[in-house]
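Reading through the structure tokens given below for one structure.
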């Protein structure tokens, strides 16, 4: 096993130690697990679209649903149908 040193703010390290104690793990175990997941592309450090796409893909795989649908397009179409329905109801009111 390779030994290395990292720089972490004192506050973050203290919070990590406290959480590790509560969860009965060491900070070293947490860091090793996070690095392994990052190397395996299970964790994306880049914020934004790429990260969101990865989260959507993981959620779809975990739930086994909507594998063929883009959730943003589905929501946009649903909202459009709701707007059309609201207009129909407004036009159908007898008191208007």
Please determine, by comparing only the residues of region 54-68 that are exposed (fewer than 11 other Cβ atoms within 10 Å of the Cβ) and not in a helix (DSSP H, G or I), which one is modelled with the highest pLDDT.
68
When you go through (1) within 27 Å of residue 58 (Cβ to Cβ); (2) surrounded by 11 or more Cβ atoms within 10 Å (Cβ to Cβ) one by one for residue 17, which number turns out not to apply?
(1)
Looking at residue 40, is it touching a helix residue (DSSP H, G or I) at 6+ places or on another chain (Cβ under 7 Å) and either under 30 Å from residue 72 (Cβ atoms) or surrounded by 10 or more Cβ atoms within 10 Å (Cβ to Cβ) (or both)?
no
Among the residues of region 69-85, what is the count of those that are modelled with pLDDT of 80 or more and under 26 Å from residue 43 (Cα atoms)?
0
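The values are calculated or read from the model by the stated rules, or taken from the named source; none is laboratory data. Given the structure is predicted, the values throughout are model-derived calculations rather than measurements. Don't worry about glycine lacking a Cβ; one is built from the backbone with ideal geometry, like all the others, and counts go over all protein chains shown.
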